[in-house]
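The values are calculated or read from the model by the stated rules, or taken from the named source; none is laboratory data. Since the model is a prediction, treat every value here as computed from it, not as a measurement. With ideal geometry, Cβ positions are generated from the backbone for all residues, glycine too; neighbour counts draw on all protein chains shown. The accessibility values were calculated without ligands, DNA or RNA, using every heavy atom of the protein model including side chains. Shrake-Rupley method; radii C 1.70, N 1.55, O 1.52, S 1.80 Å.
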Amino acid sequence: MGKKIGGGYFGMGKILSIIFAIIPITNLIFGIVIRAKRKNILGIVLNILLFPIFWIIDLVSIIVKNRIFVLA
């Protein structure tokens with residue numbers, strides 16, 4: 001079994017993704033871009049309007065599963 005490469009934000013490693021998830025502005029920008037790539041308009045709008053909630057949800061999802069999976 002090989003080590004999984006990628007994950008997190010745009011294939012970055014877990015540690016780098018956690019650092020970017022902790023910083024609010026990068027979390028907002030990366031969250032919007034990821035949801036736009038997946039064509040999730042509702043996720044984009046909710047990410048902008050309810051940013052503090054999505055900041056915590058995205059941070060926890062990056063720490064736990066190393067990917068954004070809530071409304072993404």
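Brief remarks follow.
- Subset of region 23-33 [of a type in the set (A, V, I, L, M) and open to solvent by less than 90 Å² (accessible area, probe 1.4 Å)]: I23, L28, I29, I32, V33
- The C-beta contact set for region 55-71 (first residue in contact (Cβ under 8 Å) with a residue 40 or more places away in the chain and more than 12 Å from L16 (Cα to Cα), second residue surrounded by fewer than 12 Cβ atoms within 10 Å (Cβ to Cβ) and not hydrophobic (A, V, I, L, M, F, W, C), distance under 8 angstrom, 6+ apart or interchain) is empty.
Table: residues versus (1) open to solvent by less than 40 Å² (accessible area, probe 1.4 Å); (2) touching a strand residue (DSSP E or B) at 6+ places or on another chain (Cβ under 8 Å); (3) modelled with pLDDT of 95 or more; (4) not in a helix (DSSP H, G or I).
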site: R35; (1), (2), (3), (4): yes, no, no, no
site: G43; (1), (2), (3), (4): yes, no, no, no
site: N47; (1), (2), (3), (4): yes, no, no, no
site: W55; (1), (2), (3), (4): no, no, no, no
site: V60; (1), (2), (3), (4): no, no, no, no
site: I63; (1), (2), (3), (4): no, no, no, no
site: F69; (1), (2), (3), (4): no, no, no, yes
